[in-house]
Amino acid sequence: MTDLTRRQALLLTLASGLPLVAGSSRSFAATQKVSVALDWTVNTNHVGLFVARDKGFYREAGLEVDILPYSDTGAGTLVANRVADFGINGTISLFTQRTAGADLKAVYAVVQAETGRVVFNAARSEIKSPRDLDGLTYGGFGSAWENALISTIIRHDGGKGNFETVTLGTSAYEALANGSVDFTLEVATWEGVEAELKGVKQRSFVYADYGVPDEHTTLISSSEAYLKANPALASAFVEATRRGYQFTVDHPEEAAVLLIAANKDALTNPSLIEASLKVLIDGHYLRAENGAIGTMDPAKMDAIGGYLFTAGILHDADGKVLTQRPDFARYFANSYLG
């Protein structure tokens, strides 16, 4: 038995034997079933869900939570069509889907600040600031948001915002490493950590330093229909989920063990999980410097919504660019946090 296996066995045994501590003001006479869909293959952004489930926080709240694995159908679509009760999604996808008519409303901010960044190989000494990206080739992922984002960053630095795009998906990282593309976007708390562990030398530009509003990159959303029909149930789920993320911040080593144990086939690199959680916690992504966990900042939500509207990224149900600025305050609610 390896040290890691021993540690997993010990912590899981302790976890299962500890008395449950009351942490939610809402519980139900009978266990209520709730489903939540993941937005991607399981990673550290999802840790609070697994901790809340496996530490018994959901059970204390009278919930039986089914964590649905990532599929070809996005979590937002599953939620809007009532296939899942809740789903992990990004602020950008929330805004674009809701303005196009999807029944979505954010109820929890998984991360408190933008985790994405423009990244390129450190050896590219000629790239000193974003304007030096003009005329280069970007390895992209196929969304209109990316081009608007990168153009804004380059123009804010005095460039023209002109670059070539090659849509590659996740193979963009391999293309960046072998020089097939000049730059791409990555999540600093995951791909960035992985690159560092592999000894890959990179440099990057942070979006908010160059004219793009900061955002809650990852959210948990539900549908207005579900929230109206199940207000107490929704609050119980959100509050128990916050307990899971709070526990993660306070006990990252045990949280890592629980996440890995629940996803043995998918998470085969414990060092990546541990390092990623450290960045998420030390960088004040899971818990903001002001102590906020789960809360969405209204000013931040309005700013990124306004940016998307001005950039022409938001379309209505007929595919037409919005001409009237939406009331973005209706796109989210902190009230389910209790």
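The values are calculated or read from the model by the stated rules, or taken from the named source; none is laboratory data. As the structure is a computational prediction, the values presented were derived from the model and not from experiment. Because the Cβ atoms are built from the backbone with ideal geometry, glycine has one as well, and the counts that use them run over all protein chains shown. Ligands, DNA and RNA are stripped out before the accessible areas are found, and what is left, the full protein with its side chains, is counted by its heavy atoms. Shrake-Rupley method; radii C 1.70, N 1.55, O 1.52, S 1.80 Å.
The range 145-198 and the range 228-252 have Cα centres lying 34 Å from one another.
Under a point-charge model restricted to the Cβ atoms of Lys and Arg (+1) and Asp and Glu (-1), what is the dipole moment magnitude of the range 173-288 relative to its Cα centre, in debye to the nearest 20? Spell out each step's value before the answer.
On the way: 9 positive and 17 negative charges, 49 e Å.
Its charge dipole is roughly 240 debye.
For the chain, the residue among Ser143, Met296, Tyr210 whose Cα projects farthest onto the positive side of the dipole built from Cβ charges is Met296.
For the chain, DSSP calls about 55 percent of its internal beta bridges antiparallel.
Using the Cβ-Cβ distance between Val166 and Asp302 with R0 set to 41 Å, the FRET efficiency works out to roughly 0.75. Using the Cβ-Cβ distance between Thr310 and His251 with R0 = 41 Å, the FRET efficiency computed as 1/(1 + (r/R0)^6) comes to roughly 0.45.
Within the set of other residues whose C-beta is less than 12 Å from the C-beta of Glu224, count the net charge using Lys and Arg as +1 and Asp and Glu as -1.
Values: positive: Arg82, Arg98, Lys105, Lys228, Arg330; negative: Asp103.
Residues near Glu224 contribute +4 overall.
Calculated mean residue ellipticity, 222 nm, the chain: -11500 deg cm²/dmol, from DSSP H runs (n ≥ 4) at -39500 (n - 2.57) each, averaged per residue and rounded to 500.
In this model, which of Lys105/Lys320; Lys160/Lys300; Lys105/Lys300; Lys55/Lys264; Lys128/Lys300; Lys55/Lys105 are farther than 20 Å apart at the alpha-carbon? Result: Lys105/Lys320; Lys160/Lys300; Lys128/Lys300; Lys55/Lys105 exceed 20 Å. With respect to the chain, whose longest principal axis is taken over its alpha-carbon atoms, helix 252-262 is tilted by about 80°.
3J(HN,Hα) along the range 160-171: 8, x, 9, 7, 8, 10, 10, 7, 10, x, 5, 6 Hz, from the Karplus curve 6.51 cos²θ - 1.76 cosθ + 1.60 with θ = phi - 60°, whole Hz, x for Gly and Pro.
Per the Debye formula on identical point scatterers at the alpha carbon atoms of the range 157-287, with no solvent, log10 I(q)/I(0) at q = 0.11, 0.13, 0.18, 0.20 Å⁻¹ is -0.60, -0.80, -1.19, -1.29.
When the accessible area of the chain is split by element with a 1.4 Å probe, what percent falls to carbon and sulfur? Accessible surface attributable to carbon and sulfur in the chain totals 50 percent. Largest mean-square fluctuation among Phe163, Phe237, Phe183, in a Gaussian network model of the chain whose springs join Cα atoms under 10 Å apart, belongs to Phe163. Over all other residues within a Cβ to Cβ distance under 11 Å of Asn43, the charged ones net out to -3, with Lys and Arg as +1 and Asp and Glu as -1.
Between 0 and 90 degrees, the angle of helix 144-156 with respect to the longest Cα principal axis of the chain falls at about 60 degrees.
For Leu168, the solvent-accessible surface with a 1.4 Å probe is about 60 Å², rounded to the nearest 10.
Model label sites at Thr41 and Asp265, defined 7 Å from Cα along the beta-carbon direction, differ in position by 1.3 nm. In this structure the amide hydrogen of Thr165, modeled in the peptide plane, comes within under 5 Å of the amide hydrogens of Tyr138, none closer than 5 places in sequence on its chain. Angle of helix 270-282 to the longest C-alpha principal axis of the chain, folded into 0 to 90 degrees and rounded to 10: 80°. Between the amide H of Gly116 and those of Ala188, distances stay under 5 Å, these residues lying 5 or more places away or on another chain, with hydrogens modeled in the peptide plane. Packing around the peptides 79-86, 316-323, 129-136, taken as the average count of other Cβ atoms within 10 Å per residue, puts them in this order, highest first: 79-86, 129-136, 316-323.
Using 0.36 nm times the number of residues separating Glu224 and Asp327, minus their current alpha carbon distance, what extension gain do you get?
Details: separation 103, 0.36 × 103 = 37.08 nm, distance 1.53 nm.
Full extension from Glu224 to Asp327 adds 35.5 nm.
In terms of accessible area, using a 1.4 Å probe and ignoring ligands and nucleic acids, Lys201, Lys278 rank largest first as Lys201, Lys278.
Among 299-310, 169-180, what's the highest-first ranking by average C-beta atoms within 10 angstrom per residue?
Details: 299-310: 18.2, 169-180: 14.2.
Packing proxy ranking, top to bottom: 299-310, 169-180.
Database remark: amide H of Phe332 closer than 5 angstrom to the amide H of Ala106 (H placed geometrically; neighbours at sequence offset of 5 or more, or on other chains; Pro and chain starts carry no H). In a reduced charge model with +1 at each Lys and Arg Cβ and -1 at each Asp and Glu Cβ, the range 101-253 shows a dipole moment near 120 debye about its Cα centre. For the range 152-273, the relative contact order is 22 percent, taking Cα pairs closer than 8 Å that sit 6 or more residues apart in sequence and dividing their mean separation by the residue count.
Per residue, what volume in Å³ does the Cα convex hull of the chain take up?
On the way: hull volume 47.3 nm³, N = 338.
Convex hull of Cα atoms, per residue: 140 Å³.
Normalising the average separation of contacting C-alpha pairs (under 8 angstrom, six or more residues apart) by the number of residues puts the relative contact order of the chain at 27 percent.
Kirkwood radius and radius of gyration were both taken over the C-alpha atoms of the range 101-211, and their ratio Rg/Rh is 0.99. Quick one: Debye curve from the C-alpha atoms of the range 233-296, no solvent, what's log10 I(q)/I(0) at q = 0.22, 0.26, 0.30 Å⁻¹? Log-scaled intensity ratios, in q order: -0.94, -1.11, -1.23.
Most tightly packed first, judged by the mean number of other beta-carbon atoms within 10 Å of their residues, the peptides 262-274, 284-296 read 284-296, 262-274.
Pairs of Cα atoms in the range 128-176 fall into 10 Å distance bins, from 0 up to the last occupied one, in shares of 29, 51, 19 percent. Spacing of the modelled spin labels on Glu174 and Arg124, each 7 Å from Cα toward Cβ, amounts to 2.0 nm.
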